[in-house]
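This report concerns only the one structure given below.
Derivation of every value follows stated rules applied to the coordinates shown; laboratory data play no part. Note that this is a predicted model, so its numbers are computed, not measured. No Cβ is skipped: glycine too gets one built from the backbone with ideal geometry, and neighbour counts run over all protein chains shown.
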Amino acid sequence: MQQKTSFVSHPVETVILGTIFSCILLWFIRDGLRVEGIEQKHVFVTGCDTGFGNLLARQLDQRGFNVIASCLTDKGGQDLQAASSPKLKTVLLNVTDSQSIEKAVQFVQTEVGDKGLWGLVNNAGRATPIGPTEWMQKEDFNKVLDVNLIGLIEITLKFLPLIKKARGRVVNVASVMGRLAFAGGGYCLSKWGVESFSDSLRRDMQYFGIKVSIIEPGFFKTGVTSLAVIEKDLQRLWDRLSPEVRDSYGVQYFDKYLKAQSLSMNTFCSSDISKVTNCMEHALIAKYPRTRYGAGWDAKFFWLPLSYVPSFIADFMLRALLPTPDASRQQIKLAFNSTDNLHKIQVNPH
Ligand SMILES: NC(=O)c1ccc[n+]([C@@H]2O[C@H](COP(=O)([O-])OP(=O)(O)OC[C@H]3O[C@@H](n4cnc5c(N)ncnc54)[C@H](OP(=O)(O)O)[C@@H]3O)[C@@H](O)[C@H]2O)c1
């Protein structure tokens with residue numbers, strides 16, 4: 001009786017809470033709806049030698065999809081084939097090579113026939129060279145952009161007619177570093193490009209029933225986050241710097257940079273890469289796939305929220321993750337000393 005009185009005495013709050021609860025419930029129901037006929041659908045995944053692509057190919061194979069997994073190397077393809085059902089097909093693909101892309105398109109066309117291609121997962125990628133911007137040369141940017149962005153664009157354009165036939169999906173792997181740029185080199189640029197390309201593509205292709213999703217993983221232990229590879233490449237960049245530039249960072253800087261990077265990676269990197277492949281799978285099997293998927297706790301609770309805060313706050317927090325170059329410390333000291341001297345002059349003008 002008392003409860004009834006309290007609802008009646010708060011009708012506005014009750015309606016607001018009821019509406020919010022209903023919306024959340026409806027969202028979960030909608031998000032859980034699935035497409036039918038997975039066994040008749042084909043999915044093409046790039047970069048399946050290792051990491052997310054490799055796990056996704058096996059996961060989709062187990063789900064019943066007709067998976068065509070592209071690998072950069074023969075060995076990658078053979079190993080994946082050995083770990084999957086005979087239904088899974090592999091094909092060699094270098095996403096930076098137009099002829100290789102053309103061959104892969106022909107292979108897929110023969111496989112899918114009139115049904116078209118249900119899913120294209122653009123996953124292949126590389127991170128190195130990555131490091132302070134001043135240490136880079138133009139070619140370093142090209143190496144990453146060619147794979148992560150230009151390759152992804154060429155593949156998407158070439159596969160679009162087949163995807164259109166199936167009114168299918170494109171799933172593009174970006175990164176939290178496509179929302180918040182905190183490392184020099186082509187990686188962040190390429191992932192911002194993937195975000196932008198995917199947004200345009202989604203808006204342009206919605207009229208044809210094609211859905212486009214973007215995966216934004218945080219940090220996971222795979223080939224692209226391999227410290228051994230990143231550190232080896234950083235050493236190359238450091239060694240080729242002019243003495244003048246190297247001096248501005250200080251002799252200790254390189255070691256401090258590696259230590260800080262290794263600490264951050266060990267703190268953030270998760271070894272549960274299924275968090276990412278589950279998002280990719282959802283984008284392929286959900287009746288209403290999401291536009292963006294933040295994958296991993298660091299993405300959801302740190303990197304993506306940080307991308308929304310004012311830049312000066314983000315700059316301050318990111319600064320704490322890396323060492324300060326010597327030249328910057330000397331400038332602060334100089335500025336501090338000159339203020340001190342100025343103060344002395346003003347106090348005692350003689
Ligand atoms: N791991 C993370 O923390 C993280 C976070 C955000 C986004 N991502 C993105 O997730 C995607 C998958 O990376 P991953 O983490 O699974 O790392 P990964 O294990 O290194 O997978 C990347 C795959 O792409 C392949 N690849 C590289 N260059 C290629 C080319 N030119 N043509 C075709 N394939 C090529 C690699 O082959 P090889 O191994 O033979 O070089 C590798 O199999 C990438 O786009 C990456 O940027 C990763």
Problem set entry | Which numbered condition S190 fails, given (1) part of a helix (DSSP H, G or I); (2) more than 12 Å from the ligand (Cβ to nearest atom); (3) of a type outside the set (A, V, I, L, M); (4) under 21 Å from F141 (Cα atoms) | (2)
Exercise. Which ones in the stretch 73-90 are crowded, with 20+ Cβ neighbours inside 10 Å and within 15 Å of the ligand (Cβ to nearest atom)?
Worked result: G76, G77, L80, T90
For this session: Working only within the stretch 225-267, note down all residues that are closer than 17 Å to G185 by Cα and outside any helix (DSSP H, G or I).
Result: S226, R240, L241
Exercise. Quick one: in the stretch 10-53, which of the residues that are away from the ligand (no atom under 16 Å from the Cβ) and polar (S, T, N, Q) is farthest from T73 (Cα to Cα)?
Worked result: T14
Exercise. From the list E231, E216, which one is under 18 Å from the mean Cα position of the chain (by Cα) and within 16 Å of the ligand (Cβ to nearest atom)?
Worked result: E216
Problem set entry | Tally of residues being out of contact with any Asp or Glu (no Cβ under 7 Å at 6 or more places or on another chain) and not polar (S, T, N, Q) across the stretch 64-91 | 11
Exercise. From the residues in the stretch 174-187 that are in contact with a Pro (Cβ under 8 Å, 6 or more places away or on another chain) and near the ligand (Cβ under 8 Å from one of its atoms), which one is farthest from V276 (Cα to Cα)?
Worked result: V176
For this session: Please state which of the following conditions K211 fails to meet, knowing it meets all the rest: (1) charged (D, E, K, R); (2) more than 16 Å from the ligand (Cβ to nearest atom); (3) within 12 Å of the chain's Cα centre (by Cα).
Result: (3)
Seminar exercise, completed: Apart from one, (1) surrounded by 11 or more Cβ atoms within 10 Å (Cβ to Cβ); (2) farther than 22 Å from S274 by Cβ all hold for Q59; the odd one out is (2)
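With respect to R179, is the statement that it is charged (D, E, K, R) and within 17 Å of E139 (Cα to Cα) true?
Here the answer is no, as R179 does not meet what is asked.
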Exercise. Do you know which residues across the stretch 177-222 are of a type in the set (K, R) and crowded, with 18+ Cβ neighbours inside 10 Å?
Worked result: R179, K191, K211
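Any idea how many residues of the stretch 152-181 are farther than 27 Å from M265 by Cα and either part of a helix (DSSP H, G or I) or among the hydroxyl-bearing types (S, T, Y) (or both)?
14
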